[in-house]
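Scroll down for the structure; my scribbles are underneath it.
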Amino acid sequence: DQQVKQNSPSLSVQEGRISILNCDYTNSMFDYFLWYKKYPAEGPTFLISISSIKDKNEDGRFTVFLNKSAKHLSLHIVPSQPGDSAVYFCAARRPGTYKYIFGTGTRLKVLA
Amino acid sequence: NAGVTQTPKFQVLKTGQSMTLQCAQDMNHNSMYWYRQDPGMGLRLIYYSASEGTTDKGEVPNGYNVSRLNKREFSLRLESAAPSQTSVYFCASSSGRTQETQYFGPGTRLLVL
């Protein structure tokens, strides 16, 4: 039972355009969400987070949107750059724990 | 400041062999985690340690044991390796506060033949 889903295994975007990565979850009790970026042969690196009490969080070119009624999370990257090419994971936290459930990842390729 | 370090980077084992994956962090974090990443499965939590002296099971603990040796170090042991344990293993740490991010090591690629 996959509680956190990233239904698009891959995404290609032209440099300078917007990249939108999506994440759906099933447990309405999740209270904190993270996005990680992962390059090959490296560990995931933290990108941006959002609490369930907010619907938007921005950090430079990265914005995360949370739609609690739809149980949907999205990451917007504007403008996209070739260095953004990586696998992106979303993760959701079970309330009152340190346990995160990760999605399966979306491979983003930004074309120069 | 090395962050989270893992050894070894790569290991090949035969079925039934044992080994210990080492993890250390220098960020004075309270919480540490072990994940495995398999194709199409994302990262799955094996074990975690909320603080020194405590450990708890994650989603996929069977076949593994852990030791929180001190605040810095958290090891993962495979007592009798099986081909199903072929995976990439990541260690992570976090401060342990209410809302915090986890910082990951570079991973250990394990192949069990």
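The values are calculated or read from the model by the stated rules, or taken from the named source; none is laboratory data. Please read these numbers as outputs of a predicted model, since none were measured by experiment. Note that we place each Cβ from the backbone using ideal geometry, even for glycine, and neighbour counts take in every protein chain shown.
Take A:Glu42 and tell me if it is surrounded by fewer than 16 Cβ atoms within 10 Å (Cβ to Cβ), of a type in the set (Asp, Glu), assigned to a strand (DSSP E or B) and on the phi < 0 side of the Ramachandran plot.
no
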Only one residue in A:Ile53, A:Ile48 is of a type in the set (A, V, I, L, M), surrounded by 13 or more Cβ atoms within 10 Å (Cβ to Cβ) and within 11 Å of chain B (Cβ to nearest Cβ). Which one?
A:Ile48
In this structure, does A:Ser51 turn out to be over 25 Å from B:Arg36 (Cβ atoms) and either of a type in the set (A, V, I, L, M, F, W, C) or in contact (Cβ under 8 Å) with a residue 40 or more places away in the chain (or both)?
no
Between A:Phe30, A:Phe62, which is closer than 25 Å to B:Ser94 by Cα, more than 10 Å from every other protein chain (Cβ to nearest Cβ) and modelled with pLDDT of 95 or more?
A:Phe62
Show the residue pairs that are 6+ apart or on different chains and have beta-carbon atoms under 6 Å apart, the first residue being within segment A:89-112 and farther than 21 Å from A:Asn7 by Cβ, the second being part of a loop (DSSP other than H, G, I, E, B).
A:Pro95/A:Met29; A:Pro95/A:Asp31; A:Tyr98/B:Ala50; A:Ala112/A:Glu15
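A quick yes/no check of all residues on (1) farther than 22 Å from A:Ala91 by Cα; (2) surrounded by fewer than 17 Cβ atoms within 10 Å (Cβ to Cβ); (3) not acidic (Asp, Glu):
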| site | (1), (2), (3) |
| --- | --- |
| B:Val4 | no, no, yes |
| B:Phe10 | yes, yes, yes |
| B:Thr20 | yes, yes, yes |
| B:Gln25 | no, no, yes |
| B:Asp38 | no, yes, no |
| B:Tyr48 | no, no, yes |
| B:Asp56 | no, yes, no |
| B:Tyr64 | yes, no, yes |
| B:Ala81 | yes, no, yes |
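With within 14 Å of chain B (Cβ to nearest Cβ) and either of a type outside the set (Lys, Arg) or part of a strand (DSSP E or B) (or both) as the only criterion, which of A:Gly96, A:Gly83 stands out?
That would be A:Gly96, the only listed residue that is within 14 Å of chain B (Cβ to nearest Cβ) and either of a type outside the set (Lys, Arg) or part of a strand (DSSP E or B) (or both).
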Here, strands (runs of 3 or more DSSP E) confined to segment B:49-113 with at least 3 residues that are more than 11 Å from chain A (Cβ to nearest Cβ) and under 24 Å from B:Lys9 (Cβ atoms) are B:64-68, B:74-78, B:108-112
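Residue under question is A:Lys38, and the condition is that it be closer than 15 Å to A:Arg107 by Cβ and of a type in the set (D, E, K, R); does it hold?
Judged against the criteria, A:Lys38 is a match.
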Which residue pairs have Cβ atoms closer than 9 Å, lie 6 or more positions apart in sequence or on different chains, and pair a first residue in segment B:31-45 that is more than 8 Å from every other protein chain (Cβ to nearest Cβ) with a second residue that is of a type in the set (Asp, Glu) and part of a strand (DSSP E or B)?
B:Met32/B:Glu73
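Those residues that are among the polar types (S, T, N, Q) and in a loop (DSSP other than H, G, I, E, B), I need them from segment B:22-48; list them, please. Talk me through it step by step, then tell me what you get.
Taking segment B:22-48 as the starting set, the residues that turn out to be among the polar types (S, T, N, Q) are B:22, B:25, B:28, B:30-31, B:37.
B:Asn28, B:Asn30, listed by residue number.
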